[in-house]
Amino acid sequence: METSLKEASLLAVLVEEAKWMKTKKVIIVINLVEESVEKTNEEIEKEILQELTEDMPIIPWLESVEKVTVIEE
């Protein structure tokens, strides 16, 4: 498929504009209940992500849930 000069110029403009577009993200940190020590981090991450994805809670400005990470301190 050939691209015309006009189409190529438009594509270049769109790519240039995309470089200046910024996204905003929020990191939400929660404390887990004591019973969480009985599960692996991976199990907890999967369950939280699944629950947030299926039953999207109302959080202003939220577009989607990208990742849930559990860390141990």
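The values are calculated or read from the model by the stated rules, or taken from the named source; none is laboratory data. Everything quoted here is computed from the prediction, not taken from an experiment. Quick reminder, even Gly has a Cβ in these numbers, built from the backbone with ideal geometry, and neighbours come from all protein chains shown.
At a glance:
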{"item": "Candidates 3, 53 - the one that is hydroxyl-bearing (Ser, Thr, Tyr) and modelled with pLDDT of 65 or more", "result": "53"}
{"item": "Residue within segment 62-71 that is over 17 Å from the mean Cα position of the chain (by Cα) and modelled with pLDDT under 80 present", "result": "yes"}
{"item": "For residue 31: the one exception among (1) in a helix (DSSP H, G or I); (2) modelled with pLDDT of 65 or more; (3) surrounded by fewer than 10 Cβ atoms within 10 Å (Cβ to Cβ); (4) not hydrophobic (A, V, I, L, M, F, W, C)", "result": "(1)"}
{"item": "Candidates 45, 16, filtered to the one that is modelled with pLDDT of 80 or more and either touching a His at 6+ places or on another chain (Cβ under 8 Å) or not in a loop (DSSP other than H, G, I, E, B) (or both)", "result": "45"}
